[in-house]
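**Student:** Okay, here's the structure, questions in a sec.
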Ligand SMILES: [Zn+2]
C-alpha cells in the first residue's frame, strides 16, 4: 500500500477547491463530482445494506446505494461526506488503480461503513473528505462569529453551515484542529477556560 502524507492529501483537497472556485461553505461534493471531475452519479441497488457507495474509475461513475437512499437524503451531512469520500478515492487512488498496483487490482472500489477503520484507502478517502468539506481557513473564519463557550446548538449550526454532521464537525474542531476544548458540556475556545471549567466542577 502506497503511503500518502496527510499534508499532501490536504494540498490536493485545496487544489480541488481552487479549481471548483469555492470560497465559502458549504462545499457541495456532489456538484464537484459532476462539474469538476465529470463523474456520473447513479443511485443503484448495491445489494448489501452496509455498502454506502462505490466508485468505478473506468466508467467514471459514483454508484450510490439505493438501499441507503432514504437515510442519506435525510442526513445531508452524511450524504455530502459520502460524496467527498468517493472523491477522495478519485483523486488519491485513480492512478494506483490504472497501474494495477498490488491491492488495486479491482477497478471498482466498494465503500462499506465498516471499511473505514480497517482499510488504509478508506482512511485516506475520509481524510480527504474532511479537508475538502471543512478546510481550516473556512472553519477559522466561521468560528469567529461564535462567542466562547459554544454549546451543542452552536456546534450543530456550524455543522449545518458546512453541510456536515455535527459529529464530523466536532472531530474537526476539537480533535484535529484543537480550536475548541470540551468541558462540562460546553466547547471553549481556549484551553485555559476549559481547564477552569473542569476545575470548578471538581470543587463541588
Ligand atoms: Zn471508500
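Here, each number is a calculation from the coordinates, and none is a lab measurement. Since we're looking at a predicted model, the values are computed, not measured. Methodologically, a virtual Cβ is constructed for each residue, glycine included, from the backbone with ideal geometry; neighbour enumeration extends over all protein chains shown.
**Student:** Expressed as an acute angle from 0 to 90° and rounded to the nearest 10, what is the orientation of the C-alpha long axis of helix 120-133 relative to the principal long axis of the chain?
**Tutor:** Roughly 60 degrees, rounded to the nearest 10.
**Student:** Okay, next question. What ranking, highest mean first, results for peptides 190-198, 132-140 when packing means the other Cβ atoms within 10 Å averaged over each residue?
**Tutor:** Peptide ranking by packing, descending: 132-140, 190-198.
**Student:** Follow-up question, since we're still on this one. Stretched out fully, how many nm does the piece from residue 108 to residue 48 gain, at 0.36 nm a residue minus the Cα gap?
**Tutor:** 20.1 nm
**Student:** By average Cβ neighbour count within 10 Å, what is the ranking of 66-75, 122-131 from highest down?
**Tutor:** 122-131, 66-75
**Student:** Packing-wise, with mean Cβ within 10 Å as the measure, how do 19-27, 78-86, 47-55 rank, highest first?
**Tutor:** Ranking, from highest mean packing down: 78-86, 47-55, 19-27.
**Student:** Roughly what angle does helix 6-20 make with the longest principal axis of the chain, taking Cα atoms, 0 to 90 degrees, to the nearest 10?
**Tutor:** Approximately 80 degrees, to the nearest ten.
**Student:** Here's something else I'd like to know. At what distance in angstrom do the alpha carbon centres of region 1-46 and region 127-204 lie from each other?
**Tutor:** 24
**Student:** Okay, moving on. Can you give me the distance in nm between label points at residue 5 and residue 160, each placed 7 Å from the Cα along the Cα-to-Cβ direction?
**Tutor:** Distance between the two pseudo-spin positions: 4.0 nm.
**Student:** For residue 18 and residue 193 in one chain, what is 0.36 nm times their gap in residues minus the Cα-Cα distance, to one decimal in nm?
**Tutor:** 59.4 nm
**Student:** Compute the length gained on full extension between residue 76 and residue 35: take 0.36 nm times their separation in residues and subtract their Cα-Cα distance, giving the result in nm to one decimal.
**Tutor:** Length gained, residue 76 through residue 35: 12.8 nm.
**Student:** Quickly estimate the mean residue ellipticity at 222 nm for the chain, helices only: each DSSP H run with n ≥ 4 gives -39500 (n - 2.57), and the total goes over all residues, rounded to 500. The partial results should precede the final answer.
**Tutor:** Working: 10 runs with 105 residues, N = 204.
Calculated at 222 nm, the ellipticity per residue is -15500 deg cm²/dmol.
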